[in-house]
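First the structure, in the form of structure tokens, and then the observations on it.
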Amino acid sequence: MKKKLAAIFSSIGLALLMLVTFCACSTYGGIEKKFKNEGWSENKDLVNLQEALLTKALGEDYKSVCTIHALGKDDSALNYVVILEFNSTEEMEKKISESETLKGIVKDAQNSEFINGNCVLVFYTPLGGGNDVFKSSK
């Protein structure tokens, strides 16, 4: 009985370990927390404005591989950032290699200050400080 119980718990433990190991972890949660701590908030209107531009830059299927996040500060259209959260780092790297627009933003994906895990900072207003918040979230 003890051996069966030990085998069951070992199997459950191994399954949980494999589940945690193989699940893709997004870095957006940490990035969002950092921005919110600095007084930024999600802005759905900005997301809608960016969708047409991103469709043109990344293609019609971009929604299947990434999510747009637009965060603003002080309710100003002049103070915002746009972050693309990709489903995985591999999909992000693939889209960067396929898109001339992303290649222009991200010269070196491995060493870019515009990349944090599976997220890419694609736009920020220079005076808003969003670039600094994004870099500090690494």
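The values are calculated or read from the model by the stated rules, or taken from the named source; none is laboratory data. Since the structure is predicted, the reported quantities are computational estimates derived from the model, not experimental observations. Using ideal geometry, Cβ is built from the backbone for each residue, glycine included, and neighbour counts are taken over all protein chains shown. Just so you know, the surface numbers come from the protein's heavy atoms only, side chains and all, with ligands and any DNA or RNA stripped out. Shrake-Rupley method; radii C 1.70, N 1.55, O 1.52, S 1.80 Å.
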Check: Can you tell me which of 99, 88 is surrounded by 13 or more Cβ atoms within 10 Å (Cβ to Cβ) and either charged (D, E, K, R) or at pLDDT below 85 (or both)?
Finding: 99
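Have a look at 32, 60, 42, 38 and point out the one that is over 17 Å from residue 131 (Cα atoms) and open to solvent by 40 Å² or more (accessible area, probe 1.4 Å).
Exactly one of 32, 60, 42, 38 is over 17 Å from residue 131 (Cα atoms) and open to solvent by 40 Å² or more (accessible area, probe 1.4 Å), namely 60.
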Check: Mind checking which residues of the range 71-85 are of a type in the set (A, V, I, L, M, F, W, C) and either exposed (fewer than 11 other Cβ atoms within 10 Å of the Cβ) or part of a loop (DSSP other than H, G, I, E, B) (or both)?
Finding: 77, 78
Margin query: Being surrounded by 19 or more Cβ atoms within 10 Å (Cβ to Cβ) and of a type in the set (A, V, I, L, M) is the requirement here; does residue 49 meet it?
Written below: no
Check: From 113, 93, which residue is part of a helix (DSSP H, G or I), at negative phi, surrounded by fewer than 20 Cβ atoms within 10 Å (Cβ to Cβ) and free of Cβ contacts under 8 Å to residues at least 24 places away in the same chain?
Finding: 93
